[in-house]
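For reference, the structure discussed in these notes is given below.
The values are calculated or read from the model by the stated rules, or taken from the named source; none is laboratory data. It should be emphasised that the depicted structure is a prediction, and the values quoted were computed from it without experimental measurement. Glycine also receives a Cβ, built like all others from the backbone with ideal geometry; neighbour counts cover every protein chain displayed. Note: accessible area is taken over every heavy atom of the protein model, side chains too, but ligands, DNA and RNA are not part of it. Shrake-Rupley method; radii C 1.70, N 1.55, O 1.52, S 1.80 Å.
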Amino acid sequence: LLSFARRQSTTARVIDLKSFIEEVTPLIRRVVGDQIRLDIHVDAATPHIRFDSTQFEQVLVNLAANARDAMPGSGTLSIRTEHKVIKEGEPGVDGRMPGHYLVMTVADTGIGMAPEVRQRIFEPFFSTKHGQGGTGLGLAVAYGAVRQHSGSIEVESVEYHGSTFRIYVPATTMTPERRETPAWA
């Protein structure tokens, strides 16, 4: 709730995504379980970003948890990163400005979403898991964290054909800072 009110303090640090994702992969594995295939590819040209590392971890974990819930039994969760340059005049989403971006794609082979659900997924307390323990905060928190760090999220989904989230975060040329060991490690 603090993140919605923008009162949660953040400590944006320069993150090396290759190292970060290597550190977080065991946690993601625990979240999704053994029945889901985890396919992670961090492109060599992936740029560094300035982001609160705890919040970026929350973004990944929330997306992984939603993917797990969308793939009862089995499926594939794919996480990919790339460097993208958006040029002047290119159509952007959520007011994205021209420049260099990290694009992280998180895709699943799950049940997908109907258009009316897709339109509401980032709303706080909106959940399709009625009576199954869903709070409707996971994607809202992810959306808020990405927006707070000048990024945006696109989502594509077709019922019975999975979902794909693309997170755009401005890149930086600054040197990454050493990350403290997370409490869950």
- Query: Averaged per residue, what accessible area in Å² does the stretch 3-91 show with a 1.4 Å probe, protein chains only?
  - Reply: 51
- Which order do Thr164, Thr175 take by accessible area at a 1.4 Å probe, largest first? Thr175, Thr164
- Between the modelled labels at Arg147 and Thr173 (7 Å from Cα along Cα→Cβ) the distance in nm is 3.1
- Sort Asp39, Asp34 from largest to smallest accessible area, using a 1.4 Å probe on the heavy atoms of the protein chains. Asp34, Asp39
- Message: Heavy atoms of the protein only, probe of 1.4 Å, neighbouring chains included. What is the accessible area of Phe125 in Å², nearest 10?
- Response: 130
- If ligands, DNA and RNA are left out, what is the accessible area of Leu27 with a 1.4 Å probe, given in Å² to the nearest 10? 30
